[in-house]
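Engineer: Have a look at the structure that comes next, please.
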C-alpha cells in the first residue's frame, strides 16, 4: 500500500468524501478528488487509484437513484463514450494526461458558457442538445476525459442541464452512465498497470469515506431547489474547468 503521512491520509479521506458527494449529484465537487489524488500519487497513477472508489460511489448512486434514470440518453452516449475510453487508453501510452488537461478544461468551460447562454436565450439552441451529433460529441469527449483524468463529471452534468432534465433525472442518468463506463474502463486500467494490489488495499480503507459522501450528498440534493441545483452544477463545472486549464 502507498505510504502516506497523517496529513496526506486526512487529505485522502476528504477527497474520497468529495468523490462520494459528486456521485450523489454535485458532479463539480469531483474537482477536489481529481486534484488531491493527482497531488498524492501523480496525475497518471491517480486515475487507477481512484477508479475502484469511483465504482463504489457508482454502486451507491445507482442504488439510490436507479429509478430516475433516463435510459434514452444513457444508451445514446454509451457507444461514443466506450470509443472515447479506447482513445484515452491509447493516448495514455503516448502523452501525459497533464498535457491533455488544459484541452479538457477549455472544452468544459465552453460547454458551460453555452449552457449559460442557452438559459438566457433558450430558442437559440433548443434543438442542439437533442441532436445525434451533439450526443456523440459529448459521449466521445466524456469517454476520453474519464480515461485520461477521471474528470468527465462536469461534461455529463452540463449535457444533462442542456437537456433540461430535472435534478433527480440528472443524477439517475449520470449514475448509470458512469457505473457502466467505469466498469468498462477497468481492464484498460489494469492493462496499463494503474490498478494493482497495493492500490486496492488503499481503496478498501477509503471506501467508507466514499459511502459517507454519497449519503451526505444525497441528503443535500433532495433539499436543493432545482434552480439552485442547476446553478451549482454550472458553477462547479466552471471552477473545475479553470483548474484543469491551470488558472489556479
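Engineer: In the range 144-160, is there at least one residue being touching a residue at least 24 places away in the same chain (Cβ under 8 Å) and over 23 Å from residue 35 (Cβ atoms)? Full working, then the answer.
Structural biologist: Initially, the range 144-160 is screened for residues touching a residue at least 24 places away in the same chain (Cβ under 8 Å), giving 144-160.
Still in the list and also over 23 Å from residue 35 (Cβ atoms): 160.
Yes, that holds for at least one residue.
Engineer: Right, next: Being surrounded by fewer than 24 Cβ atoms within 10 Å (Cβ to Cβ) and under 17 Å from residue 136 (Cα atoms) is the filter here; which residues of the range 146-176 pass it?
Structural biologist: 162, 163
Engineer: Quick one: would you say residue 240 is under 27 Å from residue 136 (Cβ atoms), modelled with pLDDT under 85 and assigned to a helix (DSSP H, G or I)?
Structural biologist: yes
Engineer: Name, by its number, the condition in (1) more than 17 Å from residue 30 (Cα to Cα); (2) part of a helix (DSSP H, G or I); (3) modelled with pLDDT under 90 that does not hold for residue 229.
Structural biologist: Residue 229 satisfies all of (1) more than 17 Å from residue 30 (Cα to Cα); (2) part of a helix (DSSP H, G or I); (3) modelled with pLDDT under 90 except (1).
Engineer: Under 8 Å between Cβ atoms, which residue pairs at least 6 apart in sequence (or on different chains) link something in the range 208-224 that is in contact (Cβ under 8 Å) with a residue 12 or more places away in the chain with a partner that is surrounded by fewer than 16 Cβ atoms within 10 Å (Cβ to Cβ) and not in a helix (DSSP H, G or I)?
Structural biologist: Sorted first by the residue in the range 208-224, then by its partner, the list stays empty.
Engineer: Scan the range 121-130 and tell me whether some residue there is modelled with pLDDT under 80, closer than 19 Å to residue 239 by Cα and not in a helix (DSSP H, G or I).
Structural biologist: no
Engineer: Another question, if that's okay. Please go through the range 30-50 and pick out each residue that is within 22 Å of residue 159 (Cβ to Cβ) and surrounded by fewer than 24 Cβ atoms within 10 Å (Cβ to Cβ).
Structural biologist: 31, 32
The values are calculated or read from the model by the stated rules, or taken from the named source; none is laboratory data. Computed from a predicted model, the values in this text were never measured in an experiment. As a convention, Cβ positions derive from the backbone with ideal geometry for all residues, glycine included, and neighbour counts pool all protein chains shown.
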